[in-house]
Ligand code: HEC
């Protein structure tokens, strides 16, 4: 009798925690979507402004300095890891995808080959890793026309940009992309044992 009762209590407790975890995951996803949207909008606005003000050679700072800065600020503010990863990488320190990210990027490529628009793709999951559970989120980044100035076919990249890229990134692999292609993703990794920061 006693053990049956304990068992029921246990089931009940598991049921509640599963429901709570479900809500939590949905909230985590919404928070990741919102953070990504903010990052992408800020970058897009800054890129447009710098391109108009001084052309691609001046706009390099947006992708080189502003993007990692915003991602760093978001990371510190929330206790997450926020970064941009590439299918081919210019900055290996920040841009090389880990095993999970590589797998999801490959899935995005398969979905793109089947006709889905890269701009609409995202994927999230709770992942067990050796040191704990993480909520992980990847939002695909499509190549737009403006990106070709620095990520397009090398012969189409302005000489002034080529020179800067060669001096900062001698092992650059993030060129040769076409419009609409998958450039990479915004990646957000949230430790599940850290409460979600709600403002
Ligand atoms: C004016 C040049 C320039 C333009 C335009 C530009 N980028 Fe970049 N991009 C860079 C540089 C430089 C880096 C390396 C940043 C760093 O050092 O972390 C980079 C890095 C990236 C990365 C991180 C992964 C990696 O390869 O290191 C992504 C993703 C990316 N760019 C996407 C885009 C997209 C999408 C656009 C268009 C909306 C774009 N970029 C437009 C210069 C540019």
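Throughout, read-outs are computed from the coordinates displayed, never taken from laboratory work. Predicted model only: the values in this text are computed from it and were never measured. Ideal geometry is used to build each Cβ from the backbone, glycine not excepted, and the neighbour counts take in all protein chains shown.
Largest first and in whole Å, what are the equivalent-ellipsoid semi-axes of the chain based on the Cα gyration tensor, each being the root of 5 times an eigenvalue?
Computed over the chain, the values are 40, 17, 14 Å.
Could you state the angle between the C-alpha long axis of helix 67-78 and the longest principal axis of the C-alpha atoms of the chain, as a value from 0 to 90 degrees rounded to the nearest 10?
So the helix axis and the longest Cα principal axis differ by about 20 degrees.
Extension gain residue 167-residue 131, at 0.36 nm per residue separation less the Cα-Cα distance, in nm?
9.1 nm
So how do 167, 75 line up by other beta-carbon neighbours within 10 Å, fewest first?
Fewest-to-most Cβ neighbours within 10 Å comes out as 167, 75.
Among 150, 63, rank each residue by its count of other Cβ atoms within 10 Å, from fewest to most, as a rough exposure measure.
By the 10 Å Cβ count, ascending, the order reads 63, 150.
Taking R0 as 25 Å, what's the FRET efficiency between residue 69 and residue 27 from their Cβ-Cβ distance, rounded to 0.05?
After rounding, the FRET efficiency stands at 0.45.
Can you tell me the length gained on complete extension of the stretch residue 98 to residue 114, counting 0.36 nm per residue apart and subtracting the Cα distance?
Result: 3.3 nm gained on full extension.
Using r as the Cβ-Cβ distance of residue 106 and residue 49, and R0 as 25 Å, what FRET efficiency do you calculate, to the nearest 0.05?
My answer for the efficiency is 0.15.
In Å and from the alpha-carbon atoms only, list the Rg and Dmax of segment 98-160.
Every Cα atom of segment 98-160 included, Rg and Dmax give 15.6, 47 Å.
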